[in-house]
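Notes follow the structure.
Here, each number is a calculation from the coordinates, and none is a lab measurement. What you see is a predicted model, and the numbers here were worked out from it, not measured in a lab. Counting neighbours? That spans all protein chains shown, and the Cβs are built from the backbone with ideal geometry, glycine included.
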Amino acid sequence: MVIKLISRSCNRRGQRGVALITVMLIVALASIIAAQMTTRLQTQMQRSTNISYNQQAYWYALGAEAFTKRVLIKAFKDEPKVTHLEQIWAEEGSNYPVDFGEISGEISDLQSCLNLNALHPEAKTKAEAESGTGSSSTPKNKTKSATASSNSSGRNSGNSKQLPAATVLEALIVNLNIEGIGSFEAEAMVNALTDWLDSNDMITGSGGAEDNDYASREFPYLAANSYLGSVNELRLIEHFTPAVILALTPYVCVLPQNAQHLININTLDAEKPELLQALLDSSLEDAQEVLSARDSSGYENVADFFKLKELTKINMAKWQKAQFDIDSKYFKLKASARFNNSYFSMSSIMKVSNTQQIQVISRTIGRN
C-alpha cells in the first residue's frame, strides 16, 4: 500500500514537471512572436520614415531645379543672345540651408563640351557645315559610309563628308596623352562609337564594332543603334577603357536625342585647352594663348573671336569656324538635397527656347 502511494506521488510530480515545461515553451514561443512583431513594426515604421524623408529631399531637389530656371531666365533677360561666364548662372556651386536640411546645386554649360551624339548620322558633315545646309539632305547610309572612309584616312583628312565631331573626338583623345593610346587607338574608338550610334550593321573602318562583336561576349548585348543616353554608356562600347573614359569625361557630354555640334567659345574652360586644341587642330600652346586672350565677358559675336591675333597663325577651314558659337541653349544642373538623414542627388538637362522659356528635357537620379 505504501509503495502505491509513493508511485502515485511520483507520477503527480512528473505530470507537474511536464506541465511546467509546456507552459515555459508556450511563454517562450509567445515572447519570440511578440519580439518578431515588434521588430517588424519598428522596421516598417523606420522604412516609412525613410521614404518620407527621401521624398522630402526629392522635393527639395525639384526646388533647386525650379530655382535654376529662374536663374537662367534672369541671366538671359538682358543678354538673350550671348552666354558667358560672368552671368549669374556661371557662379560656383551654392549651398542653401532649409528646414532640417540643405540644398546644393551647380549649373554647367553643355555647349562648352563636345557632344558625343554629334557623331550620329543625323549630324552635319563638313560640307554641310561649310555651306550652312542641314543634314537632312544627306542619306544616313551615305553619311555613314563617308564617315567610314574618311576615318580610315586619319584625323587631318580633308574629306568634306566626314563628321566634324568625329575629327575633333579623335584629336581630343590623342591630345589627352593617355598612356598606351595613340592615333590608331583613337581612330578605333571613333569608329566603334559611330557604329554604336548608327542604325545599320555595317562596320566602320578597322576599329568598328556591331552586334556580332557584342553578342559574342560572355555577357552578350547588342549595339544601341541610337543616340547615347549618358557618357557612362561609353563603358559598353568597344575599345573604350576605364582610363580613356575617365580622361574624356571632363571634356565631353551628351545632349539627349540631339546631334548638334556647336561649342560656345565664351564658356570653354580655360584650364582645359585640349578641347580647343582639337577644335582648331593646333598646338596646345596656341590653344592656351587663344583662351588667355578671351575677356571674362567673352565675345559679343563670333566674328570678334575670329579677329584675334592669336588665331592668325592658325589656318581654319570653314567647317572649323562653323563649330563655334557665343550663345548656349543647353545647361545641366547637378543638384543634391539633404533632409534629416536622407540624401538625394539629381542631374537635370535644360533647354532654353527662342522665347527664353526653360524646358527640362532630361532628368537623371543619382550622383552621375
Q: Principal axes first, then extents: for the Cα atoms of the chain, list largest minus smallest coordinate on each axis, whole Å, largest first.
A: 129, 52, 37
Q.
Need the full-extension length gain, GLN357 to ARG235, defined as separation in residues times 0.36 nm minus the C-alpha distance. One decimal, nm.
A. 40.5 nm
Q: Could you tally the net charge around ASP286, taking each other residue with its Cβ under 9 Å from the Cβ of ASP286, Lys/Arg +1 and Asp/Glu -1?
A: -2
Q) Counting other Cβ atoms within 10 Å of each Cβ, which GluC sites (Glu not before Pro) in the stretch 72-106 have at most 12 and sit in a DSSP loop? A) GLU91, GLU92
(Q) Contact order normalised by length for the chain, with contacts defined as Cα pairs under 8 Å and 6 or more residues apart; what percent is it? (A) 23 percent
Q | Kirkwood Rh, angstrom, the stretch 188-324 [1 / mean 1/r, Cα pairs] | A | 17.1 Å
Q) What residues qualify as long-range amide H neighbours of LEU268, i.e. H under 5 Å apart, gap of 5 or more or another chain, H built at 1.01 Å from N? A) none
Q: Determine the gain in length on full extension of the stretch LEU284-TYR96; use 0.36 nm per residue of separation and subtract their C-alpha separation, reporting nm with one decimal.
A: 63.8 nm
Q. Using the Cβ atoms and a cut-off under 11 Å, what net charge is assigned to the surroundings of SER348, where Lys and Arg are +1 and Asp and Glu are -1?
A. +4
Q: Just list whichever of LYS77/LYS313; LYS69/LYS126; LYS126/LYS334; LYS272/LYS351 have alpha carbons separated by over 30 Å in the model shown.
A: LYS77/LYS313; LYS69/LYS126; LYS126/LYS334
Q) Normalised by the number of residues in the stretch 234-315, what is the relative contact order in percent for Cα pairs under 8 Å and 6+ residues apart? A) 21 percent
